[in-house]
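Have a look at the structure below before the remarks.
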Amino acid sequence: MPTAWDAARNAGQHPRPHEAGYNTLCMLAYTSGTTGNPKGCMHTHGTMMSAAVGSQVWRSSTPEAVVLAVAPMFHLLGMQNCMHSPIYLGATVVLMPRWDRALAADLIERYRASVWGAPPAMLVDFFAQPGVAERDLSSLAFLGGGGAAMPDAVANMLQERFGLPYVEPTA
């Protein structure tokens, strides 16, 4: 039985030529409203690409990076760190459809994930799981996040126990 996708593919339609440029609006992201009402932030193709490229230059990332992607792709944390930047680099993405801390540990070990961007609550949950200290997390070279501030005590614990500095954007 044909599907709607088959019908669309067979309709003989062709996309219009690409007309977007560096300054063309490509996304309207909303802030969380932690300091007031949520605000729409206009991002152009240029600002999105600059963020993806700039963050990877700053981190000295390479195409050999293996990114554990579990942050929501509709949020700038997931979009930039788990989608745009790895695509720009030609890096490997290990995609988790939903959060599961035991599965995350398995995937880090199995695929030797080297980069992980996650909100603090996710990292707190991950590093609180029983047996995490016995897992092979040695491939993790970059641990970063956003969406909320990482408590200093947790960032210090990550550094002291696991040798992982936590990198987050600053205001």
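With volume of the Cα convex hull per residue in Å³ in mind, check (1) 253; (2) 177; (3) 156 and report the label derived from this structure. Recomputing volume of the Cα convex hull per residue in Å³ here gives the entry labelled (2). Think of the chain as having a plus end and a minus end, set by charges on the Cβ of Lys, Arg, Asp and Glu; of His43, His18, Pro165, His18 sits farthest toward the positive end of this dipole. For a quick check, take a GNM of the chain with Cα springs below 10 Å and name the residue from Phe126, Phe142, Phe74 with the largest mean-square fluctuation. Per the Cα network of the chain with a 10 Å cutoff, Phe74 tops the list. What number, in percent, do you get for the relative contact order of the range 25-171 if the mean sequence gap of Cα pairs under 8 Å and at least 6 apart is divided by its residue count? Rounded, it is 17 percent for the range 25-171.
The distance from the alpha carbon centre of the range 92-113 to that of the range 129-171 is 16 Å, rounded to a whole number.
Per-residue 3J(HN,Hα) values for the range 125-140, derived from phi via the Karplus relation 6.51 cos²θ - 1.76 cosθ + 1.60 with θ = phi - 60°, read 4, 4, 6, 8, 5, x, x, 5, 5, 8, 6, 8, 9, 5, 6, 5 Hz in sequence order (x marks Gly and Pro).
Rounded to the nearest 20, the size of the Cβ-charge dipole of the range 60-167 about its Cα centre is 160 debye, with Lys and Arg at +1 and Asp and Glu at -1.
In this calculation the C-beta distance from Glu19 to Arg98 is compared with R0 = 41 Å, giving a FRET efficiency of 0.65. Computed from Cα positions, the angle between helix 101-111 and the longest principal axis of the chain comes to roughly 80 degrees.
All of the numbers you see were taken from the coordinates with simple rules; none came from a lab. Computed from a predicted structure; not experimentally measured. Glycine gets a Cβ as well: all are built from the backbone with ideal geometry, and neighbour counts include every protein chain shown.
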